[in-house]
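One structure is given below, encoded as structure tokens.
Every read-out reported here was derived from the displayed coordinates using simple, explicitly stated rules and does not represent laboratory data. Everything numeric in this text was worked out from a predicted model, so none of it was measured. Reconstructed Cβ throughout: ideal geometry from the backbone, glycine too, with neighbour counts over all protein chains shown.
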Amino acid sequence: MEPRARTSVKNAPLCYRTLMLGPPLIGVTTSVTTGKEGERAVLNAAYAAAVQRAGGVPVLLPPQLEDQARAEIFARLQGVLLTGGGDLDPARFDEPPHRTVSGVSAARDRMEIALVEHALARRLPVLAICRGVQVLNVALGGSLYQDLPSDPGTPLLHSQEAPRDETTHRVRVVPGSRLEEVLGASELHVNSFHHQAIKRLGRGLAAVAFSEPDGVIEGAELPDSSRFVLGVQWHPEELEPREKTAQRLFRALVDACP
């Protein structure tokens, strides 16, 4: 894909021009794993590939960054991609953990919530995927269903056994929403790898997509046409090589960058 056209910065300081003339830098969050090799920051390659095909440059953000390094990187970002991974600590929304909660990383929770706050303060575009939309919701004061099979209870298998690039259930998108505009569709089939989901919406967020037939929130956004803050519960990065709706999500993120 050809790099997108950049806004003219002819009269900006040299260092700013140098940064802005290239493709936008997209901060991409990473997961944490711990094994015999020690603690690692990891990322499914599909995220980085999708950002690059959309014309952006992925900048990986490991939770292990110290505060000063994190601040320096955050200041240079032009967009944010919040990725999937382990569960958030339910203490973040004042609940005790359900027995199924797993993969909690205090460092990741702390870094990603700080990233959301930074991005919103600078009005940076944000695309939040799976865990990412949950982080966005919690950062804005919302809460989560900690285990969909038991609360609220659903017959739909939200953590599919099929391959990651296969779709397994239908999603209905709210007409007139930013998400519908970006996807170019009001209904689509998606993949699904989560056991948690948005319960109480965070401040300012609107629910704009729902799984069928159980009505679980599958998309949320800030309904402000002057900014791009959008989250989906499915994994478009795995569908992006062949699905136009997924490609449109990543291109919209890149195109919204300053």
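Below, the figures for the structure above:
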item: Only Lys, Arg (+1) and Asp, Glu (-1) charged, at Cβ; the chain dipole about Cα centre in debye; result: 960 debye
item: Cα gyration tensor category, rounded, prolate or oblate, for the range 157-205 with a/c compared to 1.5; result: oblate
item: Convex hull volume per residue in cubic angstrom - Cα atoms of the chain; result: 134 Å³
item: Under 15 Å, Cβ to Cβ, from ARG200 - net charge with Lys/Arg +1 and Asp/Glu -1; result: 0
item: Fraction of antiparallel bridges per DSSP, the range 14-255 only, in percent to nearest 5; result: 60 percent
item: 5 angstrom amide H check on ASN191, placed H, neighbours 5+ away; result: THR168, HIS235
item: Integer Hz, Karplus 6.51/-1.76/1.60 couplings in order for the range 56-69, x for Gly and Pro; result: x, 10, x, 10, 6, 10, x, x, 6, 4, 6, 4, 5, 5
item: Neighbour-limited loop hits for trypsin sites (Lys or Arg not before Pro), the range 158-218 (at most 10 other Cβ within 10 Å; DSSP other than H, G, I, E, B); result: ARG203
item: Three-way shape label, the range 119-258, alpha-carbon gyration tensor, a/c 1.5; result: oblate
item: Total charge dipole magnitude, the range 57-180, about the Cα centre, Cβ charges on Lys, Arg, Asp, Glu only, Debye to nearest 20; result: 420 debye
item: From phi via Karplus (6.51, -1.76, 1.60), per-residue ³J(HN,Hα) for the range 33-38 in Hz, x at Gly/Pro; result: 10, 10, x, 5, 7, x
item: Integer Hz, Karplus 6.51/-1.76/1.60 couplings in order for the range 230-238, x for Gly and Pro; result: 9, x, 10, 8, 8, 10, x, 4, 7
item: Sequence-distant residues sharing a close amide H with VAL229 (under 5 Å, placed H); result: VAL126, LEU222
